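J.: After the structure tokens below, expect a handful of questions from me.
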Amino acid sequence: MRIDILTLFPEMFTSITDYSIPKRAIGKGFMEIFTHNIRDFANGKYRRVDDYPFGGESGMVMMIEPIARCIEKLKAERQYDAVLFTTPDGKVFNQNMANRFSMLQNIILLCGHYKGIDERIRELFITEEVSIGDFVLSGGELAAMVMVDAIVRVIPGVISDETSALSDSFQDGLLSAPVYTRPADYQGYKVPDILRSGNEKLINEWKLEQQLSRTRARRPDLLEE
Ligand code: ADE
């Protein structure tokens, strides 16, 4: 899968391309990430990417031309399955979306900034608008990185023990069960006996019970869904 990220701050993305699971996925060829600086597609001496809004709102608005030029250049080179835009008024990102996006071949991911982007960009180019939660970030870059990380870990083969991504919280609509490692007894705080019993059936039942009780206590909305 290939993700083309349009941003005013390409350097920020080294924090996903250079670390941990996304880095490994890129190294193994599961994912390619290309960043494009929107400013490189702007005109004039000052390479302006934003301007005052018509109608006199406060704040600046990202201009259509540099973004349109960049998207059109990419689209002339290959077909894209989705053109995503990170924005607080988008649909809230979740595991189902991560799973769905992970099955696509080519994605453009546009990071918003300033007060917003010219509405015509959304109308003309964007196929899906995505928020990572009900709060406002300074820009869409962190949201894009959150999405890329969640997408890459569910691409089959990226995590060596494939079941590990499948047992993540949310994959089965439930939160994960608690996990423990050695020592079995930390200053009297013991690992539940059942996990050391070797009885796989009982262990699986215990895990499911834990998942259900945790989800009921912490995220009852997930059970309603
Ligand atoms: N840009 C600013 N805030 C955002 C959010 N919550 N989600 C996605 N993009 C954003």
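The values are calculated or read from the model by the stated rules, or taken from the named source; none is laboratory data. Everything numeric here is computed off the predicted structure, so don't read it as measured data. Glycine also receives a Cβ, built like all others from the backbone with ideal geometry; neighbour counts cover every protein chain displayed. Remember, those area values only see protein heavy atoms, side chains included, never the ligands or the DNA or RNA. Shrake-Rupley method; radii C 1.70, N 1.55, O 1.52, S 1.80 Å.
J.: Which count do you get for residues in region 191-206 that are small (Gly, Ala, Ser) and either in contact with a helix residue (DSSP H, G or I) (Cβ under 9 Å, 6 or more places away or on another chain) or open to solvent by 80 Å² or more (accessible area, probe 1.4 Å) (or both)?
T.: 1
J.: Right, something else. For region 87-111, which residues satisfy the criterion of being over 25 Å from GLY157 (Cα atoms) and open to solvent by less than 10 Å² (accessible area, probe 1.4 Å)?
T.: Our first condition is that a residue be over 25 Å from GLY157 (Cα atoms); within region 87-111, this holds for 87-92, 110-111.
Passing the criteria: LEU110, CYS111.
J.: While we're here: Can we say PHE125 is buried (at least 16 other Cβ atoms within 10 Å of the Cβ) and over 15 Å from ALA144 (Cα atoms)? If you could, list the steps in order and put the result at the bottom.
T.: Numbers: buried (at least 16 other Cβ atoms within 10 Å of the Cβ): yes; over 15 Å from ALA144 (Cα atoms): yes.
Considered against the rule, which asks whether it is buried (at least 16 other Cβ atoms within 10 Å of the Cβ) and over 15 Å from ALA144 (Cα atoms), PHE125 comes out as yes.
J.: Provide a single number: the residues in region 92-101 that are assigned to a helix (DSSP H, G or I) and either within 13 Å of the ligand (Cβ to nearest atom) or touching a residue at least 40 places away in the same chain (Cβ under 8 Å) (or both).
T.: 5
J.: A further question follows. Consider only pairs whose beta carbons are under 7 Å apart and that are at least six residues apart or on different chains; among these, list those whose first residue lies in region 11-24 and is over 19 Å from MET1 (Cβ atoms) and whose second residue is surrounded by 14 or more Cβ atoms within 10 Å (Cβ to Cβ).
T.: Close Cβ pairs satisfying both conditions: MET12/GLU141; SER15/MET145.
J.: Among helices (runs of 4 or more DSSP H) lying entirely in region 1-85, which contain 1 or more residues that are in contact with a Leu (Cβ under 9 Å, 6 or more places away or on another chain) and surrounded by 12 or more Cβ atoms within 10 Å (Cβ to Cβ)?
T.: Passing ranges, in order: 64-77.
J.: Which of the residues that make up region 172-190 are within 30 Å of ASN96 (Cα to Cα) and open to solvent by 50 Å² or more (accessible area, probe 1.4 Å)?
T.: From region 172-190, those within 30 Å of ASN96 (Cα to Cα) are 172-181; that's our starting set.
Of everything in region 172-190, those that are within 30 Å of ASN96 (Cα to Cα) and open to solvent by 50 Å² or more (accessible area, probe 1.4 Å) turn out to be ASP172, VAL179, TYR180, THR181.
J.: Write out, first by first residue and then by second, each pair whose Cβ atoms fall under 8 Å of each other, whose residues are 6+ apart or on separate chains, and whose first residue, in region 33-58, is assigned by TED's automatic domain parsing to the domain that holds LEU74 and without any contact (Cβ under 8 Å) to a residue 60 or more places away in the chain while the second is of a type in the set (Asp, Glu) and open to solvent by 80 Å² or more (accessible area, probe 1.4 Å).
T.: Hits for this filter: PHE41/GLU65; ALA42/GLU65; ASN43/GLU65; ARG47/ASP40.
J.: Looking only at helices (runs of 4 or more DSSP H) that fall completely inside region 102-185, which ones have 3 or more residues that are within 16 Å of the ligand (Cβ to nearest atom) and in contact (Cβ under 8 Å) with a residue 40 or more places away in the chain?
T.: Output list reads 141-152.
J.: A further question on this structure: Kindly indicate whether any position in region 2-21 is at pLDDT below 95, among the charged types (D, E, K, R) and either within 22 Å of GLU123 (Cβ to Cβ) or not assigned by TED's automatic domain parsing to the domain that holds VAL146 (or both).
T.: So far as region 2-21 goes, no, none of its residues is at pLDDT below 95, among the charged types (D, E, K, R) and either within 22 Å of GLU123 (Cβ to Cβ) or not assigned by TED's automatic domain parsing to the domain that holds VAL146 (or both).
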